[in-house]
Amino acid sequence: MATVLDRPGQPERADAVGRLFRTCSVTGLRLHGPAERLIKANAVVATVALLIGGISAILILLTRWQAVHLLGPVQFYRVLTAHGISMLIFFIIFFEMAVLYFACGPLLNTRIAAPKLGWFNFGLMTLGAALVEAMIWTGRADVLMTSYIPLRAHPLYYLGIILFAVGALLVCAQFFATLAVAKRERSYEGSLPLVTFGAVAAAIIAVITLLHGAATYIPTFLWSIGLMNVDPQVYRMLWWALGHSSQQINVAAMVSIWYLLGGLTVGSVVLNEKISRTAFVLYILFISMASAHHLLVDPGFSSSWKVVNTSYFMYMAVLASMLHGFTVPAGIEVGQRLHGVTQGLFGWVKRAPWGDPGFSSLVLSIVVFGFVGGITGVTIGTEQINIVVHNTLRVPGHFHATVVSGTAMAFMGLTYYLIPLIFQRKVAFWRLAQVQPYLFAGGMLVFCVFMSFAGGFGVPRRHWDITFSQAPFEQAFDPAVDAVMGIMALGGLVAALGGGLYILITVWSVFFGQRFTDEERLCGAKGLPQGLVRPPRPVTVEDEVNLPNGKLGHAPGTMVLVLIFLAAFALYYFANWKLLSFVWKIG
Amino acid sequence: MSKEPMHTALVSPKGRWWERAHATEKVWFGIAFGWCMVLFAMMPLWHWKGGQNPSGIRRKVDPAAYEARVQQFVQDYKVGELKGIPVVEPPAGSDVYLLGRMWSWYPVLKLKKGVQYTLHLSSKDVNHGFSLFPVNVNFQVVPGYDYGLKIVPSEAGDFGIICNEFCGIGHHMMLGKVIVTNEDGSMPGEKTASATEVR
Ligand code: HEM
Ligand SMILES: [Cu+2]
Ligand SMILES: [Cu+2]
């Protein structure tokens, strides 16, 4: 049967290496045993981190909801530290390791270079993560995720981060080695697939990021044992060179997954390889300056430095995201049209497989990331506008729309395909899996929007008590803030429910899930996403008669959508300048 | 139209993929690029025409020296005390020194509406966050760095200073105060009170 992934004429290898492969009956991907096991191990630990982070999320959420105010101050800051680290670092990065293995091994039809090294890396990362968690939960690292010097954690905390980072760096090395193996063994013809190209971009950014990480944490570790001095402002700059670049890894990985899921679910096509690849290259080129937008109201840097660097050199990374924001939905639209879904401007939206959690996750990820995360991010990262935003709840309101509703949502969508493809199981609790993306993204959307609202009133982030009951003076926020944060909490609880369902579904599927046969798959057994039941067939040149050729091009629906996006962007952006103009004169 | 059929992002493109983009992609590229230039231009423009910029007078300072400067400032212009914290009323247009420390803002400031001051911010120990309530103006306060910002209070009344950077276990107790009086030194409440009396 022909599928999107067909590689006609691939020679089967008969040697020992060849026996390690299993050809996936669905996609024709050839899966290398060691790669499969490494993907599984990393995905499992990622899920454990998600569970720890998720329980922490509920606890801090119920504390910030002033009507409940669950935890005491010590626990609050401790659990907040655990939430940030477990989610942003451990969950996200372990999952990315799995994605890297997937993008270089199966997608390139090759074996993983040095699988034993993979287990060493995995061990190192897990050990590092365990050390860090142990330090946090035993109260020896109440410094929050950013651990701004001179706040001081136990030296083992910093050491744990270093071990984790070294492991991740070695996985990147292994990824590049695998690319070299694939090239040498000619496992693929032509150029790298776009998804793998995106993963290469992510891996290069990861290397840059991890080098910044070394520059931050090695001196900090030495400082913690009394061997050297570190300037607090320099620390902030280096930490964010790590902290922000790592967000660019997430964006590159997420966009690659968008392309991947588009292809798997509805056979979306790459409109133009040049444009999409150039956009990935822009991410690589302009990333190391991104640290600046965390330092816009810091004393250590001049305004010209801030302007040049925050704009990532005139917003070239923003340009890249805006390009992907067009090409991904346009690829979905054109893909659908090529497959005969040609009605009107938005017939491809109406007829899309909304019951496929892989597809709904993909779309929700694009929409919330773009409309909420992207627009707010560029706006609040503007030098002057940051004055009315810095360290208020508008900041976590923004990044829960990017890394959570965007990246984590994309990861979840991918999981619904990895379970059958890699773990060879049906997705358990299929009905729940179908609503899970809507719960998670819907809840997160409410959470982010209302968190941002609260931030607009000046409500600080990372704060245990905004009634200031233990402060020397009386002070109260506008009563509207109570309602706003109540709604925020409800949204967060719904999202947490969605996250909990995801964990339940994946753990159950992987450990107790049913295996399935090829016949079952083809008759559409419950528990298999439609992209596997009816894999989109590869399109031919003749299919292109289905494409419209009007003023708005091949993807008129997407063109309308991106223009709406731009209008929303401009409105929000200039509204914020207006808001800024009302505050005290400052210079 | 290309001769190779279109493909998904999962397969290796064969042959030459460095092809010209479709017209719509080029149009979107142009629009997006133009928008990025607008985003970029707004920042220098606001420095030139706008009233709120984080530029400031910035220099490194020894935390002990800064603390001594604040003490001097308090001694020079202290006019009272509030909850044990000195209230300081500096002359119009002068330099004002505020110290962030675990876990209080020191001292309480008394300023005049419509007058420009240079507000210096620094910390004695760890990072703090200066967040003026309810105006919602926020700056990072970093030990070892003096951030001198020219400010003009535009309304009279009581303002809080929330600490919005985590600074240890007492972070949420760290609340300071700025009192802004009318040009004649009266408080907004007093003025309305006397106005009703007259009527
Ligand atoms: C169900 C989902 C989630 C809920 C309800 C939630 C809720 C929260 C809350 C209430 C805060 C504290 C904000 C503050 O007081 O400053 C927070 C902080 C944070 N969250 Fe989440 N979160 C969720 C998922 C995630 C995920 C999946 C990630 C990362 C991938 C994440 C990353 C972070 C980070 C980095 C912080 C900042 C920690 C800090 O300020 O040090 N969250 N979250
Ligand atoms: Cu503080
Ligand atoms: Cu604080």
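Please report how many Lys pairs in chain A have alpha carbons closer than 22 angstrom, counting only residues at least 8 apart along the chain or sitting on separate chains.
Lysine pairs meeting both conditions in chain A amount to 7.
At a Cα cut-off below 18 Å, give the lysines reachable from B:LYS78, other chains included and same-chain residues fewer than 8 away excluded.
Within the straight-line cut-off, B:LYS78 pairs with B:LYS110, B:LYS112, B:LYS177.
Check B:ILE161: other-chain or 5+ apart residues with amide H under 5 Å from its amide H, H built from backbone geometry?
Close amide H contacts, sequence-distant or interchain: B:PHE133, B:GLY176, B:LYS177, B:VAL178.
Determine, from the Cβ-Cβ distance of A:ASP518 and A:PHE429 and an R0 of 35 Å, the FRET efficiency 1/(1 + (r/R0)^6), rounded to the nearest 0.05.
The calculated FRET efficiency here is 0.95.
Whose amide H sits under 5 Å from the amide H of A:THR23, counting only residues 5 or more places off or on another chain, with H placed in the peptide plane?
Here A:LEU31 satisfy the definition.
Just the C-alpha atoms of chain A: what Rg/Rh do they give, with Rh taken as the Kirkwood radius?
0.96
List the residues whose amide H sits under 5 Å from the amide H of B:ASN127, counting only those 5 or more places along or on another chain, with H placed 1.01 Å from N in the peptide plane.
Amide H to amide H, under 5 Å and 5 or more residues apart or across chains, B:ASN127 pairs with A:LEU151.
Tell me, what HN-Hα J-couplings in whole Hz come from the Karplus equation 6.51 cos²θ - 1.76 cosθ + 1.60 at θ = phi - 60° for each residue of region A:326-338, using x for Gly and Pro?
8, 5, 5, x, 5, x, 5, 4, 5, x, 5, 4, 4
Excluding residues fewer than 8 places away in the same chain, name every one of the aspartates and glutamates whose C-alpha is closer than 15 Å to that of B:LYS60.
List returned: A:ASP231, A:ASP298, B:ASP125, B:ASP146.
Using Cβ contacts closer than 10 Å as the measure, can you line up A:CYS523, A:CYS104, A:CYS172 from fewest to most?
Starting with the residue having the fewest Cβ neighbours, the order is A:CYS523, A:CYS172, A:CYS104.
About the Cα centre of chain A, how large is the charge dipole given +1 on each Lys and Arg Cβ and -1 on each Asp and Glu Cβ? Please answer in debye to the nearest 20.
Computed charge dipole of chain A: roughly 680 debye.
Provide B:GLU155, A:GLU519, A:GLU383 in ascending order of the number of other Cβ atoms located within 10 Å of each residue's Cβ, fewest first.
Lowest count first: A:GLU519, B:GLU155, A:GLU383.
Extending each Cα 7 Å along its Cβ direction at A:ALA130 and B:TRP18, get the distance between those two points in nm, one decimal.
5.0
List the aspartates and glutamates whose alpha-carbon lies under 14 Å from that of B:LYS113, not counting same-chain residues fewer than 8 positions away?
Those aspartates and glutamates meeting the cut-off are B:GLU89, B:GLU155, B:ASP158, B:GLU183, B:ASP184.
In peptide A:559-566, how many Cβ atoms from other protein chains are near each Cβ within 10 Å, on average?
Across A:559-566, the average partner-chain Cβ count within 10 Å equals 2.
Using alpha carbons only, how many angstrom separate the centre of region B:1-76 from the centre of region A:248-309?
Their Cα centres are 11 Å away from one another.
Counting partner chain Cβ atoms within 10 Å of every residue's Cβ in A:260-273, what's the average?
Mean partner shielding for this stretch: 4.
Where does chain A land at 222 nm, in deg cm²/dmol rounded to the nearest 500, when only DSSP H runs of n ≥ 4 count, each adding -39500 (n - 2.57), divided by all residues?
Helix contribution divided over all residues of chain A: -21000 deg cm²/dmol.
What does the net charge come to around A:ILE419 if you take all other residues with beta carbon closer than 10 Å to its beta carbon, with K and R at +1 and D and E at -1?
Net charge around A:ILE419: +2.
Work through the residues other than A:LYS306 whose Cβ is under 12 Å from its Cβ and net out their charges, Lys, Arg +1 and Asp, Glu -1.
-1
Quick one: net charge of A:LEU547's neighbours, Cβ under 12 Å, K/R +1, D/E -1?
-3
Going by the alpha-carbon gyration tensor, a ≥ b ≥ c the square roots of its eigenvalues, is region B:57-181 rounded (a/c under 1.5) or, if a/c is not under 1.5, prolate (a/b greater than b/c) versus oblate?
Since a/c stays below 1.5, the shape of region B:57-181 is classed as rounded.
Classify region B:1-108 as rounded, prolate or oblate, taking a ≥ b ≥ c as the square roots of the eigenvalues of its Cα gyration tensor: rounded when a/c is under 1.5, otherwise prolate if a/b is larger than b/c and oblate if not.
prolate
Can you put A:ARG152, A:ARG461, B:ARG16 in order of Cβ neighbours within 10 angstrom, beginning with the fewest?
Fewest to most other Cβ atoms nearby, the residues stand as B:ARG16, A:ARG152, A:ARG461.
Calculate, for A:LEU345 and B:VAL38, the FRET efficiency according to 1/(1 + (r/R0)^6) with r their C-beta to C-beta distance and R0 41 Å; round to the nearest 0.05.
FRET efficiency, A:LEU345 to B:VAL38: 0.90.
For peptide A:459-468, compute the average count of partner chain beta-carbon atoms within 10 Å of each residue's beta-carbon.
The shielding value for this peptide is 6.
Readers should treat all values here as calculations from the given coordinates under stated rules, not as data from a laboratory. Just so we're clear, the structure is a prediction, and the values are computed from it rather than from any experiment. Note that each Cβ is placed from the backbone with ideal geometry, even for glycine, and that neighbours are counted across all protein chains shown.
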